[in-house]
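Encoded as structure tokens, the structure appears first; notes follow it.
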Amino acid sequence: MAGFTDATQVRTTGDGGFDADLDPVWTVGGKPNGGYLLAVLARAAIDSAAAHPDPLSASAVYLSPPDPGPAAVTAEVLRTGRSATQVRTRLSQKDRTCVEALFTLGTLAAATAPRWVDAAPPPLPAADTLSPTPAHAPGSGLHIDMLDQIDQRIDWKSVGDPPGELRGWLSLPDTPWDPISLLFAADAFPPATFTLGSNGWTPTLELTVYVRARPAPGPLRVRQRARLLTEHLVDQVCEIWDANDHVVAQATQLAAYRMPPT
């Protein structure tokens with residue numbers, strides 16, 4: 001078991017290759033969380049492009065869920081410019097490609113008030129008035145190991161107002177948030193479809209994250225909302241504010257979902 005920083009480290013093997021050890025505690029139902037995997041790939045991308053230390057954007061497709069344990073990562077620098085570097089990465093396990101991602105890397109400043117933003121931070125009760133989400137999902141038999149490592153506090157009283165939306169707080173108890181861990185934060189909340197009656201596994205097919213600034217110390221304010229449900233797919237948006245109520249990350253995700261039999 002390792003903290004987030006240690007659990008996402010990679011070791012270079014030369015020629016754009018890296019070794020990674022996928023930690024079993026950063027999992028949902030025994031499979032590594034998609035945002036955690038994106039952070040592992042970000043480490044390799046940054047190690048391959050020393051000129052730019054921060055992920056500005058990341059877009060990943062999830063082909064096959066890996067298991068905890070050893071994995072191989074490759075990183076290919078596509079372009080290096082004055083303000084940004086683009087890198088293609090791939091995570092494989094047992095000769096099977098599991099995740100591919102494209103990164104735009106740059107240098108981020110601390111979050112400040114934006115010139116314009118289309119939505120204010122959502123209202124939330126104080127974090128200490130909400131209960132931490134338990135690692136055992138009630139009634140599902142599913143153990144979410146990563147919830148033993150983070151402090152997630154959802155405002156369940158606000159669920160349904162508006163429909164398809166979850167709001168709450170998120171903290172890494174032993175590590176301050178940074179641009180790489182924000183990639184994980186963008187995929188750390190339950191699927192918004194749970195507020196609309198879905199159940200069971202909700203696998204991510206594609207995840208795109210924009211990291212906008214370095215967050216101030218303290219918990220993150222998170223809003224996750226479903227935008228469109230078709231028969232088996234949902235696209236949902238995650239918006240993240242730091243402790244000073246400045247936007248620090250945004251994400252869009254396409255996922256599969258299940259509804260109980262009618």
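Check the stretch 12-34 and report whether any residue there is hydroxyl-bearing (Ser, Thr, Tyr) and surrounded by fewer than 18 Cβ atoms within 10 Å (Cβ to Cβ). There is at least one residue in the stretch 12-34 that is hydroxyl-bearing (Ser, Thr, Tyr) and surrounded by fewer than 18 Cβ atoms within 10 Å (Cβ to Cβ). Taking the stretch 172-192 as the range and being in a loop (DSSP other than H, G, I, E, B) and of a type in the set (Val, Ile, Thr) as the test, only 175 passes. Inclusion of residue 95 among residues that are outside the structural domain of residue 200 (by TED's automatic domain parsing), surrounded by fewer than 14 Cβ atoms within 10 Å (Cβ to Cβ) and either of a type in the set (A, V, I, L, M, F, W, C) or farther than 30 Å from residue 13 by Cβ (or both) is not warranted. Of the numbered criteria (1) in contact with a strand residue (DSSP E or B) (Cβ under 6 Å, 6 or more places away or on another chain); (2) over 21 Å from residue 186 (Cβ atoms); (3) of a type in the set (D, E, K, R), the one residue 82 fails is (1). Keeping to the stretch 197-233, report how many residues are in a strand (DSSP E or B) and over 29 Å from residue 111 (Cβ atoms). Number satisfying all stated conditions: 4.
Count of the stretch 148-171 residues, restricted to those that are over 17 Å from residue 225 (Cβ atoms) and either within 15 Å of the chain's Cα centre (by Cα) or outside any strand (DSSP E or B) (or both), is 5. Taking first residues from the stretch 230-251 that are under 25 Å from residue 103 (Cβ atoms) and partners that are of a type in the set (Val, Ile, Thr) and loosely packed, with under 15 Cβ neighbours inside 10 Å, the Cβ contacts under 7 Å between residues at least 6 apart in sequence or on separate chains come to 246/112; 247/117. Can you find a residue in the stretch 70-84 that is in contact (Cβ under 8 Å) with a residue 60 or more places away in the chain, in contact with a Cys (Cβ under 9 Å, 6 or more places away or on another chain) and hydrophobic (A, V, I, L, M, F, W, C)? Within the stretch 70-84, not a single residue is in contact (Cβ under 8 Å) with a residue 60 or more places away in the chain, in contact with a Cys (Cβ under 9 Å, 6 or more places away or on another chain) and hydrophobic (A, V, I, L, M, F, W, C).
When the stretch 150-190 is filtered for residues that are at pLDDT below 95 and either buried (at least 22 other Cβ atoms within 10 Å of the Cβ) or touching an Asp or Glu at 6+ places or on another chain (Cβ under 6 Å) (or both), only 173 remains.
Look at (1) under 20 Å from the mean Cα position of the chain (by Cα); (2) touching a residue at least 60 places away in the same chain (Cβ under 8 Å); (3) closer than 19 Å to residue 13 by Cβ and you find that residue 61 fails only one, number (3). Do the conditions hold for residue 2, that is, is it more than 21 Å from residue 102 (Cβ to Cβ), at pLDDT below 95, of a type outside the set (Asp, Glu) and in a loop (DSSP other than H, G, I, E, B)? Yes: the conditions hold for residue 2. Report yes if some residue within the stretch 36-44 is in contact with a Leu (Cβ under 6 Å, 6 or more places away or on another chain) and farther than 25 Å from residue 84 by Cα; otherwise report no. Checked against the condition, which is being in contact with a Leu (Cβ under 6 Å, 6 or more places away or on another chain) and farther than 25 Å from residue 84 by Cα, the stretch 36-44 yields no hits at all.
Of the strands (runs of 3 or more DSSP E) lying entirely inside the stretch 8-122, the ones with 1 or more residues being under 25 Å from residue 247 (Cβ atoms) are found at 54-62, 85-93, 96-106. Remark: residue 37 matches the filter, which requires a residue to be closer than 18 Å to residue 206 by Cα, crowded, with 23+ Cβ neighbours inside 10 Å, touching a Cys at 6+ places or on another chain (Cβ under 9 Å) and not basic (Lys, Arg). Under the condition of being buried (at least 18 other Cβ atoms within 10 Å of the Cβ) and either of a type in the set (Ser, Thr, Tyr) or at pLDDT below 95 (or both), the residues counted in the stretch 69-91 number 3.
Going through 214, 223 one at a time, which residue ends up being among the charged types (D, E, K, R), surrounded by fewer than 22 Cβ atoms within 10 Å (Cβ to Cβ), touching a residue at least 24 places away in the same chain (Cβ under 8 Å) and touching an Asp or Glu at 6+ places or on another chain (Cβ under 6 Å)? Testing whether each residue is among the charged types (D, E, K, R), surrounded by fewer than 22 Cβ atoms within 10 Å (Cβ to Cβ), touching a residue at least 24 places away in the same chain (Cβ under 8 Å) and touching an Asp or Glu at 6+ places or on another chain (Cβ under 6 Å) leaves just 223.
The values are calculated or read from the model by the stated rules, or taken from the named source; none is laboratory data. None of the values given here were measured: they were computed from a predicted structure. Reconstructed Cβ throughout: ideal geometry from the backbone, glycine too, with neighbour counts over all protein chains shown.
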